[in-house]
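This report refers to the structure that appears directly beneath it.
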Amino acid sequence: MNGMKAQWIGPGLAAALVLLGACGRQDEPQADAVREPTPRAPTALPDVKESPTLAAIRQRGRLNCGVHEGLVGFAYTDNRGAWRGFDVDFCRATAAAIFGDPDAVRFVPLTTEQRFEAVRAGRVDVLWRNTSWTMSRDTAAGLSFAGVNYYDGQGFMVRRSLNLTSAAELNGARICVQSGSTTELNVEDYFRRRGIEYRPVVVATEGEARQAYAREACDAFTADISALAAARTTLSNPQQHMILPDVISKEPLGPVVRNGDDRWLAVIRWTLNALILAEELGVTRDNAADLAKNSADPRVRRLLGVEGDFGPSVDLPRTWALDAITVSGNYGEIFNRNLGEQSSLDLDRGLNAQWSSRPSGLIYGLPVR
């Protein structure tokens, strides 16, 4: 009984309490009644300080989102100049969670060298840009990772004409690699551990590494496997190139924000989590609005803002997740559209499958409760 001593209640007082309780229940709504989501304005919670980042975003009227300057599948502009891609969809979902408007976002293309300083200096509010979560980055001044939206790993792309089956056969090979990245460090570790000689062809950007490989300035190109798949689609004859089966590193990619604003960190973390959880619960872009009105599943009702004050707990409207899902779809929809079977990359879900799928992956939605 939670450490409290039981109190004896006399029969007269007990009868009065039963009668009072019965009267109180007459005005209560029926258990199966569906409550509509409240208007967009978040409910103020007592003694909770608003995120200064979120306050600045609302004042300017848009989210500043840092993205890759051009990587097929993740962030790129189409032939009409519109931004598309996996990370771009997360930017739009974040804007929808805040404003109810997926277009209330400015995309800021950033190179590998620019990305972290742009976060620290406040040029961007969040970095949704295939960036690996490592200890040195997480403990560096001014940066906080909010989660993982893609589990990747580093690999190698080679020409099929070389008849290679493993990266261990790249003895003496010229390997194109981007400077100043974890990619450069990983490839050095891989060959040093195995005592294999190789000749690094180090260039400033991932784009230059792709170009050097295309003109045969190197025998192999190393990068995250998703980036290799994207690079292969840009080559004149993609079928002539293959990605070797070796995965030489763990690359958990995820959004980055400035350190010191925990409530803004929570906004990004729970927006990402809402999209992941939506897939697990069967909430899609097409059925989210209907489920918000008709679902009896308490997990769905909490996620979509019908029950509880979960959005206001991070300075967002109750319908924050509903708005994000309605814009971009759930995690699986975002993946399939940009990276999976509906895209030119046609990547398997692999580690990015839901934990409950068969075969299972690493994508796991934290409970909203």
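The values are calculated or read from the model by the stated rules, or taken from the named source; none is laboratory data. Keep in mind that what you see is a predicted model, and the values were worked out from it rather than measured. Please note: Cβ atoms are built from the backbone with ideal geometry, for glycine as well, and neighbour counts cover all protein chains shown. To get the accessible areas, we keep the full protein, side chains included, count just its heavy atoms, and leave off ligands, DNA and RNA. Shrake-Rupley method; radii C 1.70, N 1.55, O 1.52, S 1.80 Å.
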Inter-part distance where the range 241-281 and the range 143-200 are each reduced to a Cα centre, Å: 22
Amide hydrogen neighbours beyond the local backbone of A353, cut-off 5 Å, H modeled: G361, L362, I363
For the chain, with +1 on Lys and Arg beta carbons and -1 on Asp and Glu, the positive-most of T77, Q240, L345 along the dipole: T77
With DNA, RNA and ligands ignored, accessible area of I276 (1.4 Å probe; Å², nearest 10): 10
Cβ charges +1 (Lys, Arg) and -1 (Asp, Glu), total dipole of the chain, debye: 280
Chymotrypsin sites (Phe, Trp or Tyr not before Pro), loop per DSSP, at most 13 other Cβ atoms within 10 Å - longest free stretch of the chain: 9-354
Overall form of the range 50-120 per C-alpha gyration tensor (a/c, 1.5; a/b vs b/c): oblate
Segment W355-E50, extension gain: residue separation times 0.36 nm, minus the distance between their alpha carbons: 106.4 nm
Pairwise centroid distance, computed over Cα atoms, of the range 47-73 with the range 302-369, Å: 19
Distance (nanometres) between label positions extended 7 Å along Cα→Cβ at T134 and N287: 4.2
Sparse-neighbour loop sites [GluC sites (Glu not before Pro); the range 196-240; at most 14 other C-beta within 10 Å; DSSP]: E197, E216
Fraction of accessible area attributable to carbon and sulfur, the chain (%, probe 1.4 Å): 51
Estimated translational D of the chain in µm²/s (Stokes, Kirkwood radius over Cα pairs; 25 °C; 0.890 mPa s): 107
Nearest-0.05 FRET efficiency for R160 and E341, computed from C-beta distance (R0 22 Å): 0.40
Cα centre as origin, Lys/Arg/Asp/Glu Cβ charges: the range 256-312 dipole, Debye: 120
Accessible area per residue in Å² at 1.4 Å probe, computed on the chain: 49
Heavy-atom accessible area order for V203, V177, largest first, 1.4 Å probe: V203, V177
Beta bridge orientation in the chain: antiparallel %, DSSP, nearest 5: 55
